[in-house]
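First the structure, in the form of C-alpha coordinates, and then the observations on it.
The values are calculated or read from the model by the stated rules, or taken from the named source; none is laboratory data. Keep in mind that what you see is a predicted model, and the values were worked out from it rather than measured. Here the Cβ positions follow ideal geometry from the backbone for every residue, glycine too, while neighbour counts run over all protein chains shown.
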Amino acid sequence: MPKKVTIYDVAAEANVSPSTVSRYLNRTSYIVKEKVDAIEAAIFTTGFKPRKRKTSSKKVRNMKLGILVPSYDVPFTHRLLSGVNSVLSQTSYELIIETTMWDRDRELKELQAMVNSELDAIIMVCGLATEAKIKEITEDLPVLLVLREQEGIFPVINIDNELGGYVATTHLIQRGHRNIVHVRGAEDNIDANQRFAGYKRALASAGIKYDPRLVIDGAFESQLAMESMMKLCKEKRFFTAVFAGNDLSALGAMQGLDRSGLKIPNNVSVVGFDDLPICEYYIPRLTTIKSPLSEIGEIATKYVLDLISNNPTEYEIPPIEIIHRNSVAMA
(Lines give C-alpha, C1' and ligand atoms only; values in the text may rest on other atoms or scores of the structure.)
Protein backbone atom coordinates (compact mmCIF):
# COMPACT_ATOMS: atom_id res chain seq x y z
CA MET A 1 0.00 0.00 0.00
CA PRO A 2 1.52 3.36 -1.02
CA LYS A 3 2.47 5.76 1.72
CA LYS A 4 -0.07 8.52 2.33
CA VAL A 5 1.21 11.92 1.27
CA THR A 6 1.21 14.50 4.08
CA ILE A 7 1.78 18.22 4.34
CA TYR A 8 5.34 17.39 5.41
CA ASP A 9 5.95 15.81 1.99
CA VAL A 10 4.44 18.85 0.29
CA ALA A 11 6.57 21.18 2.43
CA ALA A 12 9.75 19.29 1.53
CA GLU A 13 8.91 19.33 -2.17
CA ALA A 14 8.07 23.07 -2.10
CA ASN A 15 11.03 23.94 0.12
CA VAL A 16 8.79 25.68 2.68
CA SER A 17 7.85 24.89 6.26
CA PRO A 18 4.92 22.57 7.10
CA SER A 19 3.27 25.51 8.88
CA THR A 20 3.36 27.48 5.61
CA VAL A 21 1.58 24.62 3.83
CA SER A 22 -0.97 24.57 6.64
CA ARG A 23 -1.51 28.33 6.30
CA TYR A 24 -1.96 27.85 2.55
CA LEU A 25 -4.63 25.18 3.04
CA ASN A 26 -6.47 27.07 5.78
CA ARG A 27 -5.95 30.54 4.27
CA THR A 28 -5.21 31.92 7.71
CA SER A 29 -2.62 34.49 6.63
CA TYR A 30 -0.97 35.99 3.59
CA ILE A 31 1.69 33.97 1.74
CA VAL A 32 3.87 35.51 -0.97
CA LYS A 33 3.06 34.43 -4.53
CA GLU A 34 6.35 32.60 -5.06
CA LYS A 35 5.63 30.29 -2.13
CA VAL A 36 2.00 29.82 -3.18
CA ASP A 37 3.15 28.75 -6.64
CA ALA A 38 5.73 26.39 -5.12
CA ILE A 39 3.14 24.81 -2.81
CA GLU A 40 0.60 24.34 -5.61
CA ALA A 41 3.25 22.75 -7.80
CA ALA A 42 4.27 20.47 -4.92
CA ILE A 43 0.67 19.42 -4.27
CA PHE A 44 0.37 18.49 -7.94
CA THR A 45 3.69 16.64 -8.01
CA THR A 46 3.13 14.67 -4.80
CA GLY A 47 -0.56 13.99 -5.42
CA PHE A 48 -1.48 15.37 -2.00
CA LYS A 49 -5.22 15.41 -1.20
CA PRO A 50 -6.42 17.70 1.61
CA ARG A 51 -8.57 15.83 4.11
CA LYS A 52 -12.24 16.74 4.31
CA ARG A 53 -13.20 18.76 7.37
CA LYS A 54 -16.24 17.98 9.48
CA THR A 55 -16.91 21.66 9.86
CA SER A 56 -16.91 23.83 6.76
CA SER A 57 -15.15 27.15 6.52
CA LYS A 58 -15.15 29.59 3.64
CA LYS A 59 -11.43 30.11 4.20
CA VAL A 60 -10.36 26.47 3.97
CA ARG A 61 -9.09 25.42 0.55
CA ASN A 62 -11.10 22.62 -0.99
CA MET A 63 -9.01 22.61 -4.20
CA LYS A 64 -12.08 23.10 -6.37
CA LEU A 65 -12.83 25.87 -8.88
CA GLY A 66 -16.14 26.53 -10.61
CA ILE A 67 -16.76 28.05 -14.03
CA LEU A 68 -20.14 29.09 -15.41
CA VAL A 69 -20.32 29.27 -19.22
CA PRO A 70 -23.29 30.13 -21.47
CA SER A 71 -23.37 26.72 -23.18
CA TYR A 72 -21.08 24.05 -24.56
CA ASP A 73 -22.13 24.68 -28.17
CA VAL A 74 -21.00 28.31 -28.20
CA PRO A 75 -17.78 28.26 -30.29
CA PHE A 76 -15.74 30.40 -27.90
CA THR A 77 -16.48 28.10 -24.94
CA HIS A 78 -14.15 25.36 -26.16
CA ARG A 79 -11.27 27.77 -26.77
CA LEU A 80 -11.76 29.47 -23.41
CA LEU A 81 -11.91 26.17 -21.53
CA SER A 82 -8.79 24.91 -23.32
CA GLY A 83 -6.93 27.86 -21.80
CA VAL A 84 -8.38 27.16 -18.37
CA ASN A 85 -7.42 23.50 -18.60
CA SER A 86 -3.86 24.26 -19.72
CA VAL A 87 -3.29 26.00 -16.37
CA LEU A 88 -5.31 23.74 -14.08
CA SER A 89 -3.78 20.59 -15.57
CA GLN A 90 -0.58 21.63 -13.81
CA THR A 91 -2.32 21.89 -10.44
CA SER A 92 -4.43 19.63 -8.23
CA TYR A 93 -7.51 21.81 -8.57
CA GLU A 94 -10.73 20.11 -9.65
CA LEU A 95 -12.78 22.09 -12.19
CA ILE A 96 -16.57 22.14 -11.91
CA ILE A 97 -18.27 23.35 -15.13
CA GLU A 98 -21.93 24.32 -15.40
CA THR A 99 -23.94 26.02 -18.14
CA THR A 100 -26.48 28.84 -17.96
CA MET A 101 -28.02 28.43 -21.44
CA TRP A 102 -28.27 32.24 -21.54
CA ASP A 103 -31.02 32.08 -18.91
CA ARG A 104 -30.75 34.42 -15.91
CA ASP A 105 -32.79 32.26 -13.54
CA ARG A 106 -30.74 29.19 -14.39
CA GLU A 107 -27.56 31.24 -14.00
CA LEU A 108 -28.52 32.25 -10.45
CA LYS A 109 -29.57 28.69 -9.59
CA GLU A 110 -26.27 27.21 -10.81
CA LEU A 111 -24.33 29.96 -9.05
CA GLN A 112 -26.04 29.16 -5.75
CA ALA A 113 -25.34 25.46 -6.26
CA MET A 114 -21.65 26.24 -6.79
CA VAL A 115 -21.54 28.30 -3.60
CA ASN A 116 -23.16 25.41 -1.73
CA SER A 117 -20.48 23.07 -3.12
CA GLU A 118 -17.83 24.98 -1.15
CA LEU A 119 -15.67 25.95 -4.10
CA ASP A 120 -12.58 28.08 -3.59
CA ALA A 121 -13.56 30.54 -6.36
CA ILE A 122 -15.85 30.97 -9.35
CA ILE A 123 -15.26 32.23 -12.89
CA MET A 124 -18.39 33.52 -14.63
CA VAL A 125 -18.27 33.82 -18.42
CA CYS A 126 -20.68 36.33 -19.99
CA GLY A 127 -23.83 36.07 -17.89
CA LEU A 128 -26.96 38.14 -17.37
CA ALA A 129 -27.12 38.60 -13.59
CA THR A 130 -26.08 41.96 -12.14
CA GLU A 131 -22.93 42.15 -10.07
CA ALA A 132 -25.02 43.17 -7.07
CA LYS A 133 -27.06 39.96 -7.34
CA ILE A 134 -23.91 37.88 -7.79
CA LYS A 135 -22.41 39.50 -4.68
CA GLU A 136 -25.58 38.76 -2.71
CA ILE A 137 -25.21 35.05 -3.51
CA THR A 138 -21.42 34.63 -3.34
CA GLU A 139 -20.74 37.02 -0.43
CA ASP A 140 -16.95 36.91 0.20
CA LEU A 141 -16.18 34.07 -2.23
CA PRO A 142 -13.61 35.15 -4.86
CA VAL A 143 -15.37 35.72 -8.19
CA LEU A 144 -13.92 36.71 -11.56
CA LEU A 145 -16.12 37.85 -14.44
CA VAL A 146 -15.05 37.19 -18.03
CA LEU A 147 -16.29 38.64 -21.33
CA ARG A 148 -18.85 41.03 -19.89
CA GLU A 149 -19.24 44.66 -18.94
CA GLN A 150 -17.84 45.82 -15.61
CA GLU A 151 -20.13 47.31 -12.96
CA GLY A 152 -17.47 47.94 -10.32
CA ILE A 153 -17.97 45.18 -7.74
CA PHE A 154 -15.93 42.33 -9.25
CA PRO A 155 -12.80 42.22 -11.41
CA VAL A 156 -13.54 41.69 -15.11
CA ILE A 157 -11.41 40.33 -17.96
CA ASN A 158 -12.54 41.22 -21.45
CA ILE A 159 -11.24 41.92 -24.93
CA ASP A 160 -11.54 45.31 -26.59
CA ASN A 161 -14.55 44.55 -28.76
CA GLU A 162 -15.01 48.17 -29.82
CA LEU A 163 -11.45 48.34 -31.08
CA GLY A 164 -11.94 45.04 -32.90
CA GLY A 165 -14.98 46.39 -34.71
CA TYR A 166 -13.06 49.54 -35.58
CA VAL A 167 -10.05 47.60 -36.93
CA ALA A 168 -12.22 45.27 -39.01
CA THR A 169 -14.18 48.10 -40.60
CA THR A 170 -11.09 50.26 -41.10
CA HIS A 171 -9.41 47.35 -42.88
CA LEU A 172 -12.23 47.38 -45.43
CA ILE A 173 -12.20 51.18 -45.75
CA GLN A 174 -8.46 51.16 -46.43
CA ARG A 175 -9.14 48.86 -49.35
CA GLY A 176 -11.51 51.36 -50.91
CA HIS A 177 -14.84 50.12 -49.56
CA ARG A 178 -17.35 52.76 -48.47
CA ASN A 179 -20.67 50.94 -48.59
CA ILE A 180 -20.11 48.41 -45.81
CA VAL A 181 -22.79 46.17 -44.35
CA HIS A 182 -22.66 45.22 -40.68
CA VAL A 183 -24.15 41.91 -39.60
CA ARG A 184 -24.72 42.67 -35.94
CA GLY A 185 -25.34 40.46 -32.94
CA ALA A 186 -28.28 40.64 -30.55
CA GLU A 187 -29.03 44.13 -29.21
CA ASP A 188 -28.88 42.93 -25.59
CA ASN A 189 -25.40 41.45 -26.06
CA ILE A 190 -22.57 43.71 -24.81
CA ASP A 191 -20.01 42.24 -27.25
CA ALA A 192 -22.36 42.87 -30.16
CA ASN A 193 -23.01 46.45 -29.08
CA GLN A 194 -19.32 47.22 -28.65
CA ARG A 195 -18.38 45.77 -32.05
CA PHE A 196 -21.24 47.75 -33.62
CA ALA A 197 -19.89 50.89 -31.94
CA GLY A 198 -16.45 50.18 -33.43
CA TYR A 199 -18.03 49.82 -36.88
CA LYS A 200 -19.73 53.21 -36.55
CA ARG A 201 -16.58 54.88 -35.21
CA ALA A 202 -14.57 53.64 -38.19
CA LEU A 203 -17.15 55.03 -40.60
CA ALA A 204 -17.17 58.40 -38.82
CA SER A 205 -13.36 58.56 -38.76
CA ALA A 206 -13.31 58.05 -42.52
CA GLY A 207 -16.02 60.64 -43.14
CA ILE A 208 -18.53 57.99 -44.27
CA LYS A 209 -22.15 58.64 -43.34
CA TYR A 210 -23.69 55.87 -41.25
CA ASP A 211 -26.57 54.18 -43.08
CA PRO A 212 -28.84 52.10 -40.79
CA ARG A 213 -30.20 50.32 -43.88
CA LEU A 214 -26.83 48.56 -44.18
CA VAL A 215 -27.12 47.04 -40.70
CA ILE A 216 -28.76 43.61 -40.70
CA ASP A 217 -29.55 41.16 -37.93
CA GLY A 218 -27.34 38.12 -37.47
CA ALA A 219 -27.67 37.39 -33.74
CA PHE A 220 -24.22 35.73 -33.91
CA GLU A 221 -25.89 32.83 -35.79
CA SER A 222 -25.24 31.48 -39.29
CA GLN A 223 -28.84 30.76 -40.27
CA LEU A 224 -30.25 34.18 -39.42
CA ALA A 225 -27.24 35.93 -40.96
CA MET A 226 -27.74 34.01 -44.21
CA GLU A 227 -31.45 34.85 -44.32
CA SER A 228 -30.84 38.53 -43.52
CA MET A 229 -28.17 38.78 -46.21
CA MET A 230 -30.40 37.19 -48.86
CA LYS A 231 -33.16 39.62 -47.93
CA LEU A 232 -30.77 42.57 -48.24
CA CYS A 233 -29.60 41.37 -51.66
CA LYS A 234 -33.19 41.13 -52.87
CA GLU A 235 -33.70 44.77 -51.86
CA LYS A 236 -30.97 45.68 -54.40
CA ARG A 237 -29.15 47.73 -51.76
CA PHE A 238 -25.65 48.65 -53.02
CA PHE A 239 -22.67 47.51 -50.95
CA THR A 240 -19.22 46.09 -51.63
CA ALA A 241 -18.15 44.78 -48.21
CA VAL A 242 -19.44 43.14 -45.04
CA PHE A 243 -18.20 43.24 -41.46
CA ALA A 244 -19.90 40.49 -39.46
CA GLY A 245 -20.08 40.60 -35.66
CA ASN A 246 -18.66 37.08 -35.37
CA ASP A 247 -17.40 34.29 -37.58
CA LEU A 248 -20.59 32.24 -37.47
CA SER A 249 -22.63 35.14 -38.82
CA ALA A 250 -19.85 35.89 -41.34
CA LEU A 251 -20.05 32.35 -42.70
CA GLY A 252 -23.84 32.59 -42.84
CA ALA A 253 -23.61 35.93 -44.66
CA MET A 254 -21.17 34.42 -47.13
CA GLN A 255 -23.63 31.63 -47.84
CA GLY A 256 -26.35 34.23 -48.37
CA LEU A 257 -24.16 36.15 -50.79
CA ASP A 258 -23.33 33.00 -52.72
CA ARG A 259 -27.01 32.03 -53.00
CA SER A 260 -27.70 35.54 -54.26
CA GLY A 261 -25.17 35.12 -57.06
CA LEU A 262 -22.41 37.28 -55.55
CA LYS A 263 -18.83 36.05 -55.42
CA ILE A 264 -16.41 36.60 -52.53
CA PRO A 265 -14.18 38.59 -52.72
CA ASN A 266 -14.74 39.51 -56.41
CA ASN A 267 -18.11 41.18 -55.77
CA VAL A 268 -18.19 41.53 -51.98
CA SER A 269 -15.41 41.44 -49.35
CA VAL A 270 -16.13 39.92 -45.93
CA VAL A 271 -14.46 40.23 -42.52
CA GLY A 272 -15.50 38.22 -39.44
CA PHE A 273 -14.65 38.30 -35.75
CA ASP A 274 -13.24 35.52 -33.46
CA ASP A 275 -10.94 33.48 -35.77
CA LEU A 276 -12.65 30.13 -35.30
CA PRO A 277 -10.70 27.14 -36.69
CA ILE A 278 -13.18 26.70 -39.55
CA CYS A 279 -12.18 30.11 -40.98
CA GLU A 280 -8.94 28.58 -42.25
CA TYR A 281 -10.78 25.86 -44.19
CA TYR A 282 -13.82 27.71 -45.55
CA ILE A 283 -13.71 28.70 -49.25
CA PRO A 284 -12.64 31.42 -49.53
CA ARG A 285 -10.65 31.43 -46.31
CA LEU A 286 -12.16 34.08 -44.02
CA THR A 287 -10.29 37.23 -43.03
CA THR A 288 -11.22 37.89 -39.41
CA ILE A 289 -10.39 39.55 -36.11
CA LYS A 290 -8.64 37.14 -33.77
CA SER A 291 -9.96 37.05 -30.21
CA PRO A 292 -7.30 35.67 -27.81
CA LEU A 293 -9.86 33.42 -26.11
CA SER A 294 -7.50 30.61 -25.13
CA GLU A 295 -5.08 33.14 -23.63
CA ILE A 296 -7.97 34.77 -21.76
CA GLY A 297 -8.83 31.35 -20.31
CA GLU A 298 -5.25 30.97 -19.09
CA ILE A 299 -5.14 34.47 -17.64
CA ALA A 300 -8.53 34.09 -15.96
CA THR A 301 -7.38 30.91 -14.22
CA LYS A 302 -4.11 32.43 -12.99
CA TYR A 303 -6.01 35.57 -11.95
CA VAL A 304 -8.58 33.68 -9.85
CA LEU A 305 -5.87 31.56 -8.20
CA ASP A 306 -4.21 34.82 -7.17
CA LEU A 307 -7.55 36.09 -5.83
CA ILE A 308 -7.82 33.02 -3.62
CA SER A 309 -4.39 33.72 -2.15
CA ASN A 310 -4.89 37.52 -1.93
CA ASN A 311 -1.91 38.00 -4.22
CA PRO A 312 -1.50 40.87 -6.71
CA THR A 313 -3.32 40.33 -10.00
CA GLU A 314 -1.31 41.96 -12.75
CA TYR A 315 -2.05 40.47 -16.15
CA GLU A 316 -2.21 42.02 -19.61
CA ILE A 317 -4.78 40.83 -22.12
CA PRO A 318 -3.16 40.08 -25.52
CA PRO A 319 -4.25 42.61 -28.16
CA ILE A 320 -6.73 41.74 -30.87
CA GLU A 321 -5.29 41.34 -34.36
CA ILE A 322 -6.61 40.93 -37.87
CA ILE A 323 -5.87 37.64 -39.61
CA HIS A 324 -5.50 38.24 -43.35
CA ARG A 325 -6.85 35.51 -45.61
CA ASN A 326 -8.71 35.44 -48.93
CA SER A 327 -12.14 37.02 -48.35
CA VAL A 328 -11.12 40.67 -48.87
CA ALA A 329 -10.18 42.43 -52.11
CA MET A 330 -9.77 46.02 -53.23
CA ALA A 331 -13.03 47.80 -54.05
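Answer yes if at least one residue in the stretch 171-189 is modelled with pLDDT under 95, within 30 Å of Thr138 (Cα to Cα) and part of a helix (DSSP H, G or I), and no otherwise.
The answer is no; no qualifying residue exists.
So if I check each of Gly218, Gly185, which one is touching a strand residue (DSSP E or B) at 6+ places or on another chain (Cβ under 8 Å) and either buried (at least 21 other Cβ atoms within 10 Å of the Cβ) or of a type in the set (Phe, Trp, Tyr) (or both)?
On the way: Gly185 fails: touching a strand residue (DSSP E or B) at 6+ places or on another chain (Cβ under 8 Å).
Exactly one of Gly218, Gly185 is touching a strand residue (DSSP E or B) at 6+ places or on another chain (Cβ under 8 Å) and either buried (at least 21 other Cβ atoms within 10 Å of the Cβ) or of a type in the set (Phe, Trp, Tyr) (or both), namely Gly218.
Could you grab me the full set of residues in the stretch 265-276 that are part of a loop (DSSP other than H, G, I, E, B) and aliphatic (A, V, I, L, M)?
Of everything in the stretch 265-276, those that are part of a loop (DSSP other than H, G, I, E, B) and aliphatic (A, V, I, L, M) turn out to be Val268, Leu276.
Any chance you could count how many residues in the stretch 151-182 are buried (at least 23 other Cβ atoms within 10 Å of the Cβ), closer than 23 Å to Val125 by Cα and in contact with a strand residue (DSSP E or B) (Cβ under 6 Å, 6 or more places away or on another chain)?
Residues in the stretch 151-182 being buried (at least 23 other Cβ atoms within 10 Å of the Cβ), closer than 23 Å to Val125 by Cα and in contact with a strand residue (DSSP E or B) (Cβ under 6 Å, 6 or more places away or on another chain): 1 in total.
Across the stretch 304-331, which residue is farthest from Glu34 (Cα to Cα) among those that are out of contact with any His (no Cβ under 8 Å at 6 or more places or on another chain) and not in a loop (DSSP other than H, G, I, E, B)? Outline the logic, then answer.
Of all residues in the stretch 304-331, those out of contact with any His (no Cβ under 8 Å at 6 or more places or on another chain) come to 304-321, 323-327, 329-330.
Applying the additional criterion that residues be not in a loop (DSSP other than H, G, I, E, B) yields 304-308, 321, 323.
Details: Val304: 16, Leu305: 13, Asp306: 11, Leu307: 14, Ile308: 14, Glu321: 33, Ile323: 37 Å.
Once the filter is applied, the top-ranked residue is Ile323.
Modelled with pLDDT under 95 and assigned by TED's automatic domain parsing to the domain that holds Arg184 - does that describe any residue in the stretch 224-235?
No: the stretch 224-235 contains no residue that is modelled with pLDDT under 95 and assigned by TED's automatic domain parsing to the domain that holds Arg184.
Filter the stretch 125-181 down to the residues that are among the charged types (D, E, K, R) and closer than 30 Å to Gln112 by Cβ and list them by number.
First, pick out the residues of the stretch 125-181 that are among the charged types (D, E, K, R): 131, 133, 135-136, 139-140, 148-149, 151, 160, 162, 175, 178.
Correct list: Glu131, Lys133, Lys135, Glu136, Glu139, Asp140, Arg148, Glu149, Glu151.
If Ala219 passes every condition in (1) out of contact with any Phe, Trp or Tyr (no Cβ under 6 Å at 6 or more places or on another chain); (2) in a helix (DSSP H, G or I) but one, which one does it miss?
Ala219 satisfies all of (1) out of contact with any Phe, Trp or Tyr (no Cβ under 6 Å at 6 or more places or on another chain); (2) in a helix (DSSP H, G or I) except (2).
Please list, ordered by first then second residue, the pairs with beta carbon atoms under 8 Å, 6 or more apart or interchain, first in the stretch 107-132 and over 21 Å from Asp73 (Cα atoms), second of a type in the set (Ser, Thr, Tyr) and modelled with pLDDT under 95.
Within 8 Å, the pairs are Glu118/Ser56; Asp120/Tyr93.
Please enumerate the residues belonging to the stretch 277-303 that are within 24 Å of Met330 (Cα to Cα) and either free of Cβ contacts under 8 Å to residues at least 12 places away in the same chain or outside any helix (DSSP H, G or I) (or both).
If the condition is that a residue be within 24 Å of Met330 (Cα to Cα) and either free of Cβ contacts under 8 Å to residues at least 12 places away in the same chain or outside any helix (DSSP H, G or I) (or both), then Tyr281, Tyr282, Ile283, Pro284, Arg285, Leu286, Thr287, Thr288, Ile289, Lys290 are the ones that fit.
Suppose we filter Leu68, Leu25 for residues that are within 31 Å of the chain's Cα centre (by Cα), of a type in the set (A, V, I, L, M) and at pLDDT below 85; which single one remains?
The unique qualifying residue is Leu25.
Any chance the stretch 187-201 includes a residue that's closer than 25 Å to Pro75 by Cβ and among the hydroxyl-bearing types (Ser, Thr, Tyr)?
So far as the stretch 187-201 goes, yes, one or more of its residues are closer than 25 Å to Pro75 by Cβ and among the hydroxyl-bearing types (Ser, Thr, Tyr).
Farther than 22 Å from Glu187 by Cα, in a helix (DSSP H, G or I) and of a type outside the set (S, T, N, Q): which single residue out of Leu257, Leu232, Leu262 fits that description? Steps first, answer last, please.
Values: Leu232 fails: farther than 22 Å from Glu187 by Cα; Leu262 fails: in a helix (DSSP H, G or I).
Only one candidate passes the filter, namely Leu257.
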